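Structure first, then comments.
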Amino acid sequence: MADVEFHSEVSAPLEGDINAPVTETTDEISTLDEPVRETIMRDLKAVGFKFYHVLYPKQSKLLLREWDLWGPLILCTFMAMMLQGSTNELDQINKSDGGPQFAEVFVIYWVGAAVVTLNCKLLGGSISFFQSVCVLGYCVCPLAIALIICRIILAAATQTTILFVIRFLAVLAGFGWSTFASTAFLSDSQPSGRKALAMYPLFLFYFIIGWLIISHTRS
């Protein structure tokens, strides 16, 4: 009898909302014995699904309920590599390419997300630290798309005022979409009378990332 009870407890699902107790058992098979390929593909699909929710924000608690840091890490690494200073020796000597260093992007990305999260928590937000970092990190996706557009424009032709305006509008659209998506996910977790105070640092966070993109002047 003891063996049966022990087996029942072990077979309880290991995934779900960390803040909500498991109230019923399911017939899900444990993922401990599944092939590595299936695990990787499942995680990639989950990351892609979260990106979809950022690009098409709606009333969904997916980023809060099933948070992870894989998407933010991918975006951070991608943007840091894309914003790297030019490899041209003359540009390195002049230090005039406008591109931040790899470590600088990492610091701005993660420290900025942590500061915004800490501010939300101090204002009484009902959200965990990693849930907030997850949402902030995933919502950088529109700005990453704007960065790709800017790099294509920079590499395609000699820069003119019209091309700069196009780059500016792309970054402005990415900034607006990132801010809108993040507020759609985080606004409900803030006290009604303090939402403006909680969203202001979030606005600055995406503004700084957008400024890094638009100030990058080399392909």
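The values are calculated or read from the model by the stated rules, or taken from the named source; none is laboratory data. Just so it is clear, the model here is predicted, and its values are computed rather than measured. Counting neighbours? That spans all protein chains shown, and the Cβs are built from the backbone with ideal geometry, glycine included. Heads up: the accessible areas ignore ligands, DNA and RNA and are worked out on the full protein's heavy atoms, side chains in. Shrake-Rupley method; radii C 1.70, N 1.55, O 1.52, S 1.80 Å.
Can you work out the Karplus-derived ³J(HN,Hα) for every residue in segment 152-161? Use 6.51 cos²θ - 1.76 cosθ + 1.60 with θ = phi - 60°, whole Hz, and x for glycine or proline.
5, 5, 5, 7, 7, 7, 5, 6, 10, 4
Shape verdict for segment 137-211, please, from the Cα gyration tensor: rounded (a/c under 1.5), prolate (a/b greater than b/c) or oblate.
The shape class here is prolate.
If packing is taken as the mean number of other Cβ atoms within 10 Å per residue, what is the order of 102-111, 197-206, highest first?
197-206, 102-111
If R0 is 30 Å, what FRET efficiency do you get for residue 122 and residue 44 from their C-beta distance, rounded to 0.05?
0.30
Using θ = phi - 60° and the Karplus curve 6.51 cos²θ - 1.76 cosθ + 1.60, what whole-Hz ³J(HN,Hα) does each residue of segment 49-54 get, with Gly and Pro shown as x?
5, 5, 4, 4, 5, 6
Keeping all protein chains in place, calculate the accessible area per residue for segment 150-205 (probe 1.4 angstrom), answer in Å².
Working: 3080 Å² over 56 residues.
With the other protein chains kept in place, segment 150-205 gives 55 Å² per residue.
Over segment 93-180, what percent of the accessible surface lies on carbon and sulfur atoms, probe 1.4 Å?
Numbers: 3340 of 4310 Å².
Solvent-exposed carbon and sulfur of segment 93-180 make up 78 percent of the total.
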